[in-house]
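Encoded as structure tokens, the structure appears first; notes follow it.
The values are calculated or read from the model by the stated rules, or taken from the named source; none is laboratory data. Just so you know, these numbers come straight off a predicted model, no measurement behind them. As a convention, Cβ positions derive from the backbone with ideal geometry for all residues, glycine included, and neighbour counts pool all protein chains shown.
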Amino acid sequence: MTNSEEIRQVQEAARAVRQNTSRVIVGKEEVIDLLMVALLCEGHVLFEDVPGIGKTTLAKSLARSLGCQFQRIQFTPDLLPSDITGITFYNQKAGEFEFRAGPLLSQVVLADEINRATPRTQSALLEAMEERQISIERDTVALPRPFIVLATQNPVELEGTFPLPEAQLDRFLMRLRLDYPSRAEERLILQRFKEEQPLAELKPVLAAEQLLGLQKVIRKVHVEPAVESYIVEVIRATRTHNGVELGVSPRGTLALYRASQAHAAIYGREYVLPDDVKRLAKPVLSHRILATNQSRLHGRVMDQIIDEVLHTVAVPVES
């Protein structure tokens, strides 16, 4: 069990990151909170949105707020696995083999337009995202902690792309959208970026070592047996829904459980509510579901299916 002081530290850390990142990113506090949930769960995030929304800027702002090492990888069809993991080469001067680390050995990695890389290169991320390590020839190299992959893909322009396989999608904790800003937010963006670049002045507000400690705290957030059963029933309902060909995996069950714990903590609670589960169901589960051809023909998108699932599963109430 957690104590109130530990939860307060999580809440203050989330508020500090939200406020700091909001100095650059306008009007996306909810998305920033979900990113904080992903960080606390040691999860990865897939941004599926049109270009120019601010995905790269958000990733850089998050890395600077944490004082973490940031690397951006521009995925292209000719990118090789060794281009991102690193290579072992023979140093003639030293007379021995040396390892040259690739950009994947960082703490915050932006995988830009990940669906433009070939499946061979995409698969190089699987081990890194799941096991926090990479294999170079016969050696295994541990990745730095914390470690998070923020991947982007354009859902509109699909020419020359390679759709992410289900195994890859399942390793992302969440799929998020930034969406277009409101009229007032867009005016504020013009004013904020008119004379200066706020990103250049951003300072860390949370040390990487502190984040590692907070990641341990959220695992102790209490989940009532009734709420655990609710999570399981929601997941199982995705597997029996008549519009779903492939439901959510057990990895998705654990992802929803962990994300609900983190969401409760950043809002100052030592326990998970069904509302936490419902709030996170779409970002955590929608990309893990494969709809039937009939569902796609009738225009039923994943979010609609999740809404139908949540409507059919009884919500536990306090006795």
Sole exception among (1) under 20 Å from residue 189 (Cβ atoms); (2) surrounded by fewer than 18 Cβ atoms within 10 Å (Cβ to Cβ); (3) in contact (Cβ under 8 Å) with a residue 12 or more places away in the chain for residue 61, by number:
(2)
Which of the following residues is under 24 Å from residue 143 (Cα atoms) and either of a type outside the set (Ser, Thr, Tyr) or over 20 Å from the mean Cα position of the chain (by Cα) (or both): 83, 49, 33, 78?
83
Give the number of residues within region 136-157 that are without any contact (Cβ under 8 Å) to a residue 12 or more places away in the chain and either assigned to a strand (DSSP E or B) or surrounded by 11 or more Cβ atoms within 10 Å (Cβ to Cβ) (or both).
3
Go through the residues of region 257-267 one by one and say whether even a single one is more than 28 Å from residue 215 (Cα to Cα), assigned to a helix (DSSP H, G or I), of a type in the set (A, V, I, L, M, F, W, C) and under 22 Å from the mean Cα position of the chain (by Cα).
no
Give the residue that is modelled with the highest pLDDT, with candidates limited to residues of region 96-132 that are farther than 19 Å from residue 39 by Cβ and in a strand (DSSP E or B).
112
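This table checks each residue for (1) of a type outside the set (Asp, Glu); (2) closer than 20 Å to residue 170 by Cβ.
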site	(1), (2)
196	no, no
200	yes, no
210	yes, no
249	yes, yes
281	yes, yes
Residues of region 230-247 satisfying the condition of being surrounded by fewer than 20 Cβ atoms within 10 Å (Cβ to Cβ), among the aliphatic types (A, V, I, L, M) and touching a residue at least 24 places away in the same chain (Cβ under 8 Å):
246
Residue among 227, 205, 277 that is touching a helix residue (DSSP H, G or I) at 6+ places or on another chain (Cβ under 7 Å), assigned by TED's automatic domain parsing to the domain that holds residue 29 and β-branched (Val, Ile, Thr)
205
Sole miss for residue 212 among (1) of a type in the set (A, V, I, L, M); (2) closer than 19 Å to residue 36 by Cα; (3) surrounded by 16 or more Cβ atoms within 10 Å (Cβ to Cβ) is condition (3)
Going through region 199-229 one residue at a time, which ones are β-branched (Val, Ile, Thr) and either outside any loop (DSSP other than H, G, I, E, B) or in contact (Cβ under 8 Å) with a residue 60 or more places away in the chain (or both)?
205, 217, 218, 221, 227
Can you tell me how many residues in region 64-99 are over 30 Å from residue 286 (Cβ atoms), among the hydrophobic types (A, V, I, L, M, F, W, C) and either touching a Pro at 6+ places or on another chain (Cβ under 8 Å) or in contact (Cβ under 8 Å) with a residue 24 or more places away in the chain (or both)?
3
Output the number of the condition that residue 93 fails; it satisfies all remaining conditions of (1) surrounded by fewer than 16 Cβ atoms within 10 Å (Cβ to Cβ); (2) part of a strand (DSSP E or B).
(2)
If you go through region 27-58 one residue at a time, how many are charged (D, E, K, R) and without any contact (Cβ under 8 Å) to a residue 60 or more places away in the chain?
2
Between 257, 271, which is buried (at least 16 other Cβ atoms within 10 Å of the Cβ), at pLDDT 90 or above, closer than 29 Å to residue 163 by Cα and among the hydroxyl-bearing types (Ser, Thr, Tyr)?
257
Can you name every residue in region 248-261 that is out of contact with any His (no Cβ under 9 Å at 6 or more places or on another chain) and touching a residue at least 24 places away in the same chain (Cβ under 8 Å)?
248, 249, 251, 252, 255, 256, 257, 258, 259, 260
Note on residue 196: of the conditions (1) part of a helix (DSSP H, G or I); (2) out of contact with any helix residue (DSSP H, G or I) (no Cβ under 7 Å at 6 or more places or on another chain), unmet is (1)
Residue that is farthest from the chain's Cα centre (by Cα), among those in region 159-195 that are surrounded by 17 or more Cβ atoms within 10 Å (Cβ to Cβ) and of a type in the set (Lys, Arg):
171
Subset of region 27-60 (residues that are over 10 Å from residue 150 (Cβ atoms), in a loop (DSSP other than H, G, I, E, B) and not hydrophobic (A, V, I, L, M, F, W, C))
27, 28, 42, 43, 49, 51, 52, 54
